[in-house]
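Student: Before anything else, here's the structure in question.
The values are calculated or read from the model by the stated rules, or taken from the named source; none is laboratory data. Since this is a predicted model, take the numbers as computed values, not measurements. Methodologically, a virtual Cβ is constructed for each residue, glycine included, from the backbone with ideal geometry; neighbour enumeration extends over all protein chains shown. These accessible areas exclude ligands, DNA and RNA; they are computed on the full protein's heavy atoms, side chains included. Shrake-Rupley method; radii C 1.70, N 1.55, O 1.52, S 1.80 Å.
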2 protein chains.
Amino acid sequence: MGYMTSGSVSAMPDEPMSAAEEDFVRTLGRVMTALPRAVDHDMARSGRLPLSEYTTLMHLSEADGRTLRMSELAAAVNLSLSGMTRIVQRLEGRGLVRRAKCDEDGRGWNAVLTDAGLAALEESWPVHLASVRRHVLDHVADEDLTRLIDVLRRIASAG
Amino acid sequence: MGYMTSGSVSAMPDEPMSAAEEDFVRTLGRVMTALPRAVDHDMARSGRLPLSEYTTLMHLSEADGRTLRMSELAAAVNLSLSGMTRIVQRLEGRGLVRRAKCDEDGRGWNAVLTDAGLAALEESWPVHLASVRRHVLDHVADEDLTRLIDVLRRIASAG
DNA sequence: TCGCTGTATTTGCTGCGTCAAGCAATCACT
DNA sequence: AGTGATTGCTTGACGCAGCAAATACAGCGA
């Protein structure tokens, strides 16, 4: 069990949180609302891609043939299918992404990163990196990183 | 300095992240989008207050005289003034909150938690607690809590 | 081939949050 | 007191994201 041995697992289901737990949850809430806004703000300030578009293009750039099915893309960015549809529509309108019918499955659509899209991504990259460094990485010690990743991963995959 | 000594502070501003940093940032992003949705979903599923309203009422319930100025409330919940205006309007419409002109400053308005509001809050409390436990606290060991709080607090207050 | 069921994606509707503008009341200075 | 600047909050217009209903296609059995 390991990480479960110190009483943090739903002892009495209705027992209130400890002071530390309370503090943790509230601070996490604060981070969750404030941080994306802060990074997004930095991007907008410098005329770069908003976070949702940046992340979308980033995942495309990492994919084989710069291509991903809509559903894969949505899952990667962790967005609803419909949300992804609209983002890709926006990006397509600006020529950063192209759409192509899927060969193996006529129902499917691929989003393909264009050269212009790659350029926009590369242009936004330094701003994004600097923002993330300033808001996040500068506050985390390297020794803590792996442990934190571990915790976050468990939270992320709790469904 | 302490936590800053291990190279995590913007070494060369344009240098890419390390693998661990990358991993951390992506997983954090995943948590930030998935977690509020998951908790909100739990609340909706059981017919309880949505997260934004729950948090608003919670802060009111903790305040002196169950009363807070609009601006204080917005700051506590970490929301824009206008967003808070609308939430309080909704809550007022359902009788969970009452509004009163501020005594010391005629421009100001107070939001006051009503008995019905307190009841709704208490009714939602167990569901919220259970959801938070299941999605968050069950995955964090007590020993890690203080360290995590420390990191999150620095991130939260980075502006 | 004709349907029928299931899957991939899009569209309609709605809620929520932001920014910009507006209104009201207070404050600072004369 | 009187005028102008500032503060506290609300309103209007807008954009983004989610859910649920609609559409398009696949694949299988009669």
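Student: Need the failing condition index for B:D150 against (1) modelled with pLDDT of 95 or more; (2) surrounded by fewer than 18 Cβ atoms within 10 Å (Cβ to Cβ), just the number.
Tutor: Checking B:D150 against (1) modelled with pLDDT of 95 or more; (2) surrounded by fewer than 18 Cβ atoms within 10 Å (Cβ to Cβ), the one that fails is (1).
Student: Are any residues in the stretch A:87-98 surrounded by fewer than 21 Cβ atoms within 10 Å (Cβ to Cβ) and away from DNA strand D (no atom under 13 Å from the Cβ), and if so, which ones?
Tutor: Here is the first cut: in the stretch A:87-98, the residues surrounded by fewer than 21 Cβ atoms within 10 Å (Cβ to Cβ) are A:89-90, A:92-95, A:98.
Passing the criteria: A:E92, A:G95, A:R98.
Student: Residues to consider are A:R107, A:R69; find the one that is open to solvent by 20 Å² or more (accessible area, probe 1.4 Å), more than 7 Å from chain B (Cβ to nearest Cβ) and modelled with pLDDT of 95 or more.
Tutor: Numbers: A:R107 fails: modelled with pLDDT of 95 or more.
Just a single option satisfies the conditions, and that option is A:R69.
Student: Taking helices (runs of 4 or more DSSP H) that do not extend beyond the stretch B:46-159, which have at least 3 residues that are within 16 Å of the chain's Cα centre (by Cα) and not hydrophobic (A, V, I, L, M, F, W, C)? Talk me through it step by step, then tell me what you get.
Tutor: Values: elements: B:51-62, B:70-77, B:81-93, B:115-135, B:142-156.
Where helices (runs of 4 or more DSSP H) fall fully within the stretch B:46-159 and carry at least 3 residues being within 16 Å of the chain's Cα centre (by Cα) and not hydrophobic (A, V, I, L, M, F, W, C), they are B:51-62, B:115-135.
Student: Out of A:R90, A:R99, A:R86, report the one residue that is within 15 Å of DNA strand C (Cβ to nearest atom) and in contact with a Phe, Trp or Tyr (Cβ under 8 Å, 6 or more places away or on another chain).
Tutor: Working: A:R90 fails: in contact with a Phe, Trp or Tyr (Cβ under 8 Å, 6 or more places away or on another chain); A:R86 fails: in contact with a Phe, Trp or Tyr (Cβ under 8 Å, 6 or more places away or on another chain).
Going through A:R90, A:R99, A:R86 in turn, the sole match is A:R99.
Student: Search the stretch A:110-139 for residues being open to solvent by 20 Å² or more (accessible area, probe 1.4 Å) and among the polar types (S, T, N, Q), and hand back the single one that is nearest to DNA strand C (Cβ to nearest atom).
Tutor: Ranking the candidates gives A:N110 first.
Student: How many residues are within 12 Å of DNA strand C (Cβ to nearest atom) and within 14 Å of another protein chain (Cβ to nearest Cβ) if we restrict to the stretch B:72-83?
Tutor: 7
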